[in-house]
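Engineer: What follows is a structure written as C-alpha coordinates; I'll ask about it next.
The values are calculated or read from the model by the stated rules, or taken from the named source; none is laboratory data. Quick caveat, the model's predicted, so the values are computed rather than measured. Here the Cβ positions follow ideal geometry from the backbone for every residue, glycine too, while neighbour counts run over all protein chains shown. When the accessible area is computed, the model is the full protein with side chains, heavy atoms only, and any ligands, DNA or RNA have been set aside. Shrake-Rupley method; radii C 1.70, N 1.55, O 1.52, S 1.80 Å.
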Amino acid sequence: MNNLNLKAVFDMGALHHTLVVGGEYDEESAALVRFTNQDTSIMPVLLTDPDPFEDFPGHQTAIRQKPDTKTDTLSGYVIDNIDIGNQWTIVGGVRFDRFHATFDQPLGTASHFEHTDNVASPRAAVIYKPTDSYSFYD
(Lines give C-alpha, C1' and ligand atoms only; values in the text may rest on other atoms or scores of the structure.)
Protein backbone atom coordinates (compact mmCIF):
# COMPACT_ATOMS: atom_id res chain seq x y z
CA MET A 1 0.00 0.00 0.00
CA ASN A 2 1.29 3.44 -0.89
CA ASN A 3 0.03 6.68 0.60
CA LEU A 4 0.97 10.27 -0.20
CA ASN A 5 -0.28 13.39 1.64
CA LEU A 6 0.48 17.01 0.94
CA LYS A 7 -0.42 19.60 3.56
CA ALA A 8 -0.61 23.36 3.09
CA VAL A 9 -1.29 25.87 5.85
CA PHE A 10 -2.12 29.40 4.73
CA ASP A 11 -4.27 32.46 5.45
CA MET A 12 -6.75 34.09 3.09
CA GLY A 13 -7.87 37.29 4.73
CA ALA A 14 -9.32 36.45 8.14
CA LEU A 15 -9.62 32.73 7.29
CA HIS A 16 -6.92 30.24 8.31
CA HIS A 17 -6.78 27.16 6.04
CA THR A 18 -5.28 23.73 6.61
CA LEU A 19 -5.56 21.97 3.26
CA VAL A 20 -4.70 18.28 2.85
CA VAL A 21 -4.51 16.68 -0.59
CA GLY A 22 -3.59 13.04 -0.95
CA GLY A 23 -3.86 9.73 -2.65
CA GLU A 24 -3.50 6.03 -1.99
CA TYR A 25 -2.76 2.95 -4.06
CA ASP A 26 -3.22 -0.57 -2.73
CA GLU A 27 -2.71 -3.88 -4.53
CA GLU A 28 -3.37 -7.32 -3.05
CA SER A 29 -3.39 -10.84 -4.44
CA ALA A 30 -4.04 -14.38 -3.24
CA ALA A 31 -3.36 -17.67 -5.01
CA LEU A 32 -4.82 -20.72 -3.28
CA VAL A 33 -4.61 -24.46 -3.89
CA ARG A 34 -7.59 -26.53 -2.76
CA PHE A 35 -7.22 -30.30 -2.63
CA THR A 36 -9.78 -33.10 -2.94
CA ASN A 37 -9.94 -35.62 -0.13
CA GLN A 38 -9.57 -38.96 -1.91
CA ASP A 39 -10.49 -41.10 1.05
CA THR A 40 -14.18 -41.97 1.12
CA SER A 41 -14.31 -42.48 4.86
CA ILE A 42 -12.92 -40.36 7.64
CA MET A 43 -13.53 -41.84 11.07
CA PRO A 44 -15.55 -39.69 13.47
CA VAL A 45 -13.66 -38.03 16.31
CA LEU A 46 -15.08 -37.48 19.77
CA LEU A 47 -15.43 -33.80 20.41
CA THR A 48 -14.68 -34.30 24.13
CA ASP A 49 -11.65 -36.57 23.60
CA PRO A 50 -9.88 -35.87 20.29
CA ASP A 51 -6.53 -37.50 19.52
CA PRO A 52 -4.17 -34.74 18.33
CA PHE A 53 -1.69 -37.37 17.06
CA GLU A 54 -4.17 -39.34 14.94
CA ASP A 55 -3.01 -39.80 11.36
CA PHE A 56 -5.11 -38.24 8.64
CA PRO A 57 -6.40 -41.17 6.57
CA GLY A 58 -6.97 -39.21 3.36
CA HIS A 59 -4.67 -38.42 0.50
CA GLN A 60 -4.59 -34.84 -0.58
CA THR A 61 -2.83 -35.02 -3.91
CA ALA A 62 -5.56 -34.19 -6.42
CA ILE A 63 -6.00 -30.45 -6.83
CA ARG A 64 -9.66 -29.45 -6.92
CA GLN A 65 -9.35 -25.68 -7.38
CA LYS A 66 -6.66 -23.02 -7.83
CA PRO A 67 -8.44 -19.70 -7.44
CA ASP A 68 -6.45 -16.55 -8.10
CA THR A 69 -7.79 -13.27 -6.71
CA LYS A 70 -6.40 -9.77 -7.30
CA THR A 71 -7.59 -6.39 -6.08
CA ASP A 72 -6.37 -2.87 -6.58
CA THR A 73 -7.67 0.33 -5.06
CA LEU A 74 -6.86 3.85 -6.22
CA SER A 75 -8.01 6.78 -4.09
CA GLY A 76 -7.70 10.55 -4.09
CA TYR A 77 -8.93 13.09 -1.58
CA VAL A 78 -8.92 16.76 -0.61
CA ILE A 79 -9.93 18.16 2.80
CA ASP A 80 -9.91 21.80 3.88
CA ASN A 81 -10.21 22.89 7.54
CA ILE A 82 -11.08 26.58 7.61
CA ASP A 83 -10.68 28.30 10.98
CA ILE A 84 -12.93 31.31 11.43
CA GLY A 85 -11.58 32.99 14.53
CA ASN A 86 -10.64 30.91 17.58
CA GLN A 87 -13.93 29.10 18.10
CA TRP A 88 -15.32 28.08 14.70
CA THR A 89 -14.02 25.67 12.05
CA ILE A 90 -15.64 24.61 8.79
CA VAL A 91 -14.51 21.30 7.31
CA GLY A 92 -15.18 20.34 3.72
CA GLY A 93 -13.79 17.59 1.58
CA VAL A 94 -14.29 14.74 -0.82
CA ARG A 95 -12.67 11.36 -1.34
CA PHE A 96 -12.91 9.23 -4.47
CA ASP A 97 -12.17 5.48 -4.45
CA ARG A 98 -11.86 3.14 -7.42
CA PHE A 99 -11.86 -0.51 -6.32
CA HIS A 100 -11.22 -3.23 -8.91
CA ALA A 101 -11.22 -6.99 -8.27
CA THR A 102 -10.68 -10.06 -10.44
CA PHE A 103 -11.24 -13.73 -9.66
CA ASP A 104 -9.96 -16.53 -11.90
CA GLN A 105 -10.55 -20.25 -11.29
CA PRO A 106 -9.04 -22.24 -14.20
CA LEU A 107 -9.68 -25.82 -12.99
CA GLY A 108 -12.88 -27.86 -13.27
CA THR A 109 -15.61 -25.50 -14.34
CA ALA A 110 -13.45 -22.52 -15.23
CA SER A 111 -14.75 -19.18 -14.02
CA HIS A 112 -13.73 -15.56 -14.28
CA PHE A 113 -15.31 -12.65 -12.42
CA GLU A 114 -14.35 -9.01 -12.57
CA HIS A 115 -15.89 -6.01 -10.84
CA THR A 116 -15.12 -2.31 -10.44
CA ASP A 117 -16.68 0.13 -7.98
CA ASN A 118 -16.26 3.91 -8.18
CA VAL A 119 -17.39 5.72 -5.04
CA ALA A 120 -17.22 9.38 -4.01
CA SER A 121 -17.49 10.22 -0.31
CA PRO A 122 -18.20 13.86 0.59
CA ARG A 123 -17.50 15.30 4.01
CA ALA A 124 -18.77 18.50 5.64
CA ALA A 125 -18.87 19.72 9.22
CA VAL A 126 -19.14 22.80 11.37
CA ILE A 127 -17.17 22.71 14.61
CA TYR A 128 -17.72 25.01 17.56
CA LYS A 129 -14.96 25.13 20.21
CA PRO A 130 -16.11 27.20 23.20
CA THR A 131 -12.93 26.22 25.11
CA ASP A 132 -9.74 24.30 24.35
CA SER A 133 -11.25 21.24 26.10
CA TYR A 134 -14.63 21.09 24.30
CA SER A 135 -15.76 20.78 20.70
CA PHE A 136 -19.25 20.47 19.25
CA TYR A 137 -19.74 19.04 15.75
CA ASP A 138 -22.61 19.33 13.35
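Engineer: What FRET efficiency comes out for Thr109 versus Thr71 if R0 is 22 angstrom and r is the Cβ-Cβ distance? Round to the nearest 0.05.
Structural biologist: Rounded to the nearest 0.05, the efficiency is 0.45.
Engineer: With every protein chain present, what is the per residue accessible area of the chain (1.4 Å probe, Å²)?
Structural biologist: 76 Å²
Engineer: Under a point spin-label approximation (7 Å from Cα along Cα-to-Cβ), what is the Ala30-Val119 distance to one decimal in nm?
Structural biologist: Those two pseudo-labels are separated by 1.8 nm.
Engineer: Sticking with this structure for a sec: Report the one residue of His17, Met1, Tyr137 whose Cα lies farthest in the direction of the positive end of the charge dipole of the chain (charges on C-beta: Lys and Arg +1, Asp and Glu -1; origin at the Cα centre).
Structural biologist: His17
Engineer: List, in order, the whole-Hz ³J(HN,Hα) value for each residue of the range 128-134 obtained from phi through the Karplus relation with A = 6.51, B = -1.76, C = 1.60 and θ = phi - 60°; use x for Gly and Pro.
Structural biologist: Calculated HN-Hα couplings, in order: 10, 10, x, 9, 5, 8, 10 Hz.
Engineer: Could you name the aspartates and glutamates in cross-link range of Lys129, using Cα to Cα under 19 Å and dropping any fewer than eight places away on the same chain?
Structural biologist: Within reach: Asp80, Asp83, Asp138.
Engineer: On to the next question. Want the number for Ser133 to Ala101: 0.36 nm per residue separation, take away the alpha-carbon distance, what's left?
Structural biologist: 7.1 nm
Engineer: Cut-off under 12 Å on the C-alpha distance; same-chain residues fewer than 8 positions from Lys66 excluded. Which aspartates and glutamates are left, in chain and number order?
Structural biologist: Straight-distance partners of Lys66: Asp104.
Engineer: At what distance in nm do the modelled label points of Asn2 and Arg64 sit from each other, each positioned 7 Å from its Cα along Cα→Cβ?
Structural biologist: In this crude spin-label approximation the distance works out to 3.9 nm.
Engineer: Here is a further query. Using a 7 Å offset from Cα along Cα-Cβ at Leu19, what residues in the range 69-97 end up with backbone N under 18 Å from the label point?
Structural biologist: Correct set: 76-84, 90-96.
Engineer: Using only Cα atoms, what is the ratio of the radius of gyration of the chain to 2.2 N^0.38 Å?
Structural biologist: 1.90
Engineer: Cut-off 10 angstrom, C-alpha nodes, Gaussian network model of the chain. Which of Leu15, Leu46, Leu74 fluctuates the most?
Structural biologist: Leu46
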